[in-house]
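Nothing in this text is a laboratory measurement; each read-out follows from the coordinates by a stated rule. The structure displayed is predicted, hence computed values, not measured ones. Ideal geometry is used to build each Cβ from the backbone, glycine not excepted, and the neighbour counts take in all protein chains shown.
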Amino acid sequence: MTSEPIQKPADTSANLHPLVGERWSPRIFDTSYALDQNQTLSLAEAFRWSPSSSNEQPWHVVLLHKETALFEEVSATGLGGFNASWAPNSSAYAIVLADQKLDGNPRDMDKTYFDAGLAASQLVTQAEAMGLRAHYMGGINRDEILKTLQGRDREVVCVIAIGKQGSLAGQTDELIARETTPRERKDPAAVYTIDGVLS
Ligand SMILES: Cc1cc2nc3c(=O)[nH]c(=O)nc-3n(C[C@H](O)[C@H](O)[C@H](O)COP(=O)(O)O)c2cc1C
């Protein structure tokens, strides 16, 4: 089994920047790797400097390092199904939250989720630019995570597992099978239209 982390570049003839074309969502992380404070700060600032509707910035991100009590608690109670088996091997969680209120009143959550998604994506791009990998998780126990973080007037959008990609050597058959599954996308015609109307 190869000891090199596998790569899964986008299967396209288009000229993509490596930050776009080479990003993918691994589940195998190097368990010995720890993020330092500068890396964590860069991730947090990438999130903070994301664009948002009317610059309302209706979001928050909680970054938790491995081997802290909060990371362990989210690992134990906050992750659903298969996520609970692999994500605790990452080096950090970025927990993305959306504000439910604006000036004390309920927010338009559709706009809010869109803004929070953009900020999450910007954080992931920053992670990739620093040689890290990231894996979004929506299969999470949102109420448990909110309880752990003692959050109010916010909801958990997703958790992002972040770390250095690990190798396939010594991993379980199930993890290897998932890790080596090709990345697939819908056909271009189903996804984009250039200079035309929708049919
Ligand atoms: C909002 C969101 C939630 C996701 N939730 C999970 C999850 O709970 N568990 C998981 O293994 N992958 C999850 N993924 C990863 C997707 O399955 C993955 O992005 C998709 O299969 C495309 O693969 P790629 O990221 O390698 O291109 C999620 C991705 C996004 C954007």
Margin query: Explain nothing, just compute: Karplus ³J(HN,Hα) = 6.51 cos²θ - 1.76 cosθ + 1.60, θ = phi - 60°, for every residue of the stretch 69-74 in order, whole Hz, x for Gly and Pro.
Written below: 4, 5, 4, 5, 5, 5
Check: Which number comes out as Rg/Rh for the stretch 62-126 once both Rg and the Kirkwood Rh are worked out on C-alpha atoms?
Finding: 1.05
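Under 25 Å between alpha carbons: how many lysine pairs meet that in the stretch 18-191, if sequence neighbours fewer than 8 apart on the same chain are excluded? All intermediate terms of the calculation are to be shown ahead of the outcome.
Working: LYS66/LYS147; LYS66/LYS164; LYS101/LYS111; LYS101/LYS147; LYS111/LYS147.
Step by step, the pairs that qualify in the stretch 18-191 add up to 5.
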Notebook entry, point to check: From the backbone phi of the stretch 52-57, what are the Karplus-calculated ³J(HN,Hα) couplings (6.51 cos²θ - 1.76 cosθ + 1.60, θ = phi - 60°) in whole Hz, Gly and Pro given as x?
Noted result: 8, 4, 6, 6, 7, 6
Margin query: Taking every alpha carbon pair in the stretch 18-191, what does the distance histogram look like in 10 angstrom bins from 0, in percent?
Written below: 10, 36, 37, 15, 2, 0
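Exactly which GluC sites (Glu not before Pro) in the stretch 52-143 are in a DSSP loop and have at most 12 other Cβ atoms within 10 Å?
Counting only loop positions with at most 12 other Cβ atoms within 10 Å, the GluC sites (Glu not before Pro) in the stretch 52-143 are GLU67.
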Checklist line | Cross-link reach list, aspartates and glutamates versus LYS8, counting only Cα pairs under 19 Å and skipping chain neighbours closer than eight places | finding: GLU22, ASP30, GLU128, ASP173, GLU174, GLU179, GLU184, ASP187
Margin query: Restricting to DSSP loop positions (anything but H, G, I, E, B) with no more than 11 other Cβ atoms inside 10 Å of their own Cβ, which trypsin sites (Lys or Arg not before Pro) remain in the stretch 149-199?
Written below: ARG152, ARG183, ARG185, LYS186
Next item on the list: Could you please rank ASP143, ASP115, placing first whichever residue has the fewest other Cβ atoms within 10 Å of its Cβ?
Entry: ASP143, ASP115
Notebook entry, point to check: Hey, rough spin-label estimate for SER85 and LYS186, points 7 angstrom out along Cα→Cβ, what's it come to in nanometres?
Noted result: 3.0
Next item on the list: May I ask you to sort GLU155, GLU4, GLU184 by Cβ crowding, counting other Cβ atoms within 10 Å and putting the fewest first?
Entry: GLU184, GLU4, GLU155
Notebook entry, point to check: Per-residue HN-Hα couplings for the stretch 15-32, Karplus 6.51 cos²θ - 1.76 cosθ + 1.60 at θ = phi - 60°, whole Hz, x for Gly and Pro?
Noted result: 8, 9, 5, x, 5, 8, x, 9, 5, 8, 10, x, 10, 10, 10, 6, 5, 8
Note to self: Could you identify which residue out of ASP30, ASP103, ASP11 has the top mean-square fluctuation in a GNM of the chain using Cα springs shorter than 10 Å?
What the structure shows: ASP103
Notebook entry, point to check: Over the chain, what is the relative contact order in whole percent, taking alpha-carbon pairs under 8 Å and six or more residues apart?
Noted result: 32
